[in-house]
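*Asks:* Following this message is one structure expressed as structure tokens.
Bear in mind that the values in this text are calculations on the coordinates, not laboratory data. All of these numbers come straight from a predicted model, not from anything done at the bench. Cβ sites come from the backbone with ideal geometry, for glycine too, and all protein chains shown count toward neighbours.
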Amino acid sequence: MELTLLTSPASAVLLPILIFFARVFDVTLGTVRIIFIARGKKYLAPLLGFVETFVWIVVVSQIVKSINGIWAFVGYAAGFAAGTLVGMYVEDRLAIGTLIVRTILAGDVHPLVQRLHTTGYGVTCVPGEGAQGPVTVVYTVIKRKDIQAVMTIIHDLHPHAFLSIEQVQTAQAGVFPVASSGSRLRFLAKRK
């Protein structure tokens, strides 16, 4: 693919800039693609991979043509770094996935359980034994986009609660708030 614009004297400046932005674009796609693979989005990941690879091939072919310009290499490396940051930002904004929030509390957990239930979240409680006596482990499986709301509820009622949060690969059934109405609950049917 011969680009006449890139063979002019301005290419010493223009080429590294174009390489930078193309690399930001393809690395962003690559970062999101990897996250889609980890989240089980098996139809979107290959599509992103195709576009990512196409852009990468075009960029590398332009670098090889201008092998004597160090700024093309700098643009390539800087685009990779910036694309990684942009990809993480995009993935964070998409908030794809499901999390399990595990809260370990001593004492009365009923206010927390009630508040999570009234907000539309499913809750499971398990009694346990902690280092300083009896505790209750409160589990709730949530959509990743709801993490701030759930953390606010927990910290409002138990500011020093011990928490752990993990990514869930698959959730077959559960109770999640409906996005359009926080008071209604949506029950996910079991997969067969």
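*Asks:* Apply the Karplus curve 6.51 cos²θ - 1.76 cosθ + 1.60, θ = phi - 60°, to the phi angles in segment 115-120 and return the couplings in whole Hz, x for Gly and Pro.
*Replies:* 5, 5, 4, 5, 7, x
*Asks:* Would you grab the residues whose amide H sits under 5 Å from the one on residue 120? Only those 5+ places off in sequence or on another chain, please, with H modelled 1.01 Å from N.
*Replies:* Amide H neighbours of residue 120, under 5 Å, 5+ apart: none.
*Asks:* Something else: With a sphere of radius 9 Å drawn around the Cβ of residue 99, what net charge do the other residues whose Cβ falls strictly inside it have (Lys, Arg +1; Asp, Glu -1)?
*Replies:* So the environment of residue 99 carries a net charge of 0.
*Asks:* Hey, another quick one. List residues of segment 113-141, by number, whose backbone nitrogen lies under 13 Å from a label position 7 Å along Cα→C-beta of residue 164.
*Replies:* Taking a point 7 Å out along Cα→Cβ of residue 164, the residues of segment 113-141 whose backbone N falls under 13 Å are 137-139.
*Asks:* What does the charge add up to near residue 158, with Lys and Arg as +1, Asp and Glu as -1, over the other residues with Cβ less than 11 Å from its Cβ?
*Replies:* -1
*Asks:* Using a cut-off of 15 Å between beta-carbons, work out the net charge of the residues near residue 37 (Lys and Arg +1, Asp and Glu -1, residue 37 not included).
*Replies:* Within the 15 Å Cβ shell, the charges total +2.
*Asks:* Would you work out which of 59, 40, 81 lies farthest towards the positive end of the dipole of segment 31-96? Charges go on Cβ: Lys and Arg +1, Asp and Glu -1.
*Replies:* With unit charges placed on the Cβ atoms, the residue in question is 40.
*Asks:* Right, something else. About the Cα centre, and with charges only on the beta carbon of Lys, Arg (+1) and Asp, Glu (-1), how big is the dipole of segment 12-151? Nearest 20 debye, please.
*Replies:* Dipole size: approximately 320 debye.
*Asks:* Moving on to the next point. Would you mind checking segment 41-82 for residues with the amide N under 15 Å from a putative spin-label position 7 Å along Cα→C-beta of residue 94?
*Replies:* Hits in segment 41-82 for residue 94 at 15 Å: 41-53.
*Asks:* Still on this structure, please answer the following. Run the numbers on segment 1-159 and let me know its relative contact order in percent, using alpha-carbon pairs under 8 Å that are six or more apart.
*Replies:* Relative contact order for segment 1-159 comes out at 23 percent.
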